[in-house]
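Data block below; observations after.
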Amino acid sequence: MRFNTMDKTILGIGLAVLILAGSGYYVLFGQNAQNKNNEFVPENNNQTTSGQNQPEVSAPPAQAQNNTPPPLAPTPNPTPTGFSMSEISKKNNAGECWSVVDGKVYNLTSWISKHPGGSSAILSICGRDGTSAFNDQHLGQEKVAQILSSFYLGPLR
């Protein structure tokens, strides 16, 4: 069988079309993967062609740098029954610092090292009524009152 020039041209065009079609298919679908059931799983979709969800596999996320200070130590839940001055007087050091301000008991232990005026200001009221020391320094300061309220334990009885 002999091919003339016209046959060779048609054969060349047909071959070029097949190559382009194959390349186009690869570009469109070549990045998809087959799962173990021979189902195609698109790269950006966790669903197979049968509609079943497949687990997404990805590299572990990079560790973000966290500049947020650690949370303050939790304080015991406020108690409606209150605390006696005898109980408060036992909490008189940096390891356990409770104080009374305006008849309310506060656990200031975690605030000692964070107090902007220095730890000695807080340590001086541990285990006692700190109302006058607090009011002398902070009376009428709403932000300070809000911070103090976060350490509230309950009323003095």
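Looking across Gln141, Gln137, one residue alone is in contact (Cβ under 8 Å) with a residue 12 or more places away in the chain and assigned by TED's automatic domain parsing to the domain that holds Ser89. It is Gln137.
Any chance the range 90-111 includes a residue that's over 30 Å from the mean Cα position of the chain (by Cα) and either modelled with pLDDT under 95 or more than 23 Å from Val144 (Cα to Cα) (or both)? Looking for residues that are over 30 Å from the mean Cα position of the chain (by Cα) and either modelled with pLDDT under 95 or more than 23 Å from Val144 (Cα to Cα) (or both), one finds at least one in the range 90-111, hence yes.
Quick check on the range 115-126. Is at least one of its residues in contact (Cβ under 8 Å) with a residue 24 or more places away in the chain, surrounded by fewer than 12 Cβ atoms within 10 Å (Cβ to Cβ) and at positive phi? No, that holds for no residue.
The values are calculated or read from the model by the stated rules, or taken from the named source; none is laboratory data. This structure is a prediction, so every number in the text was calculated from the model and none was measured. Counting neighbours? That spans all protein chains shown, and the Cβs are built from the backbone with ideal geometry, glycine included.
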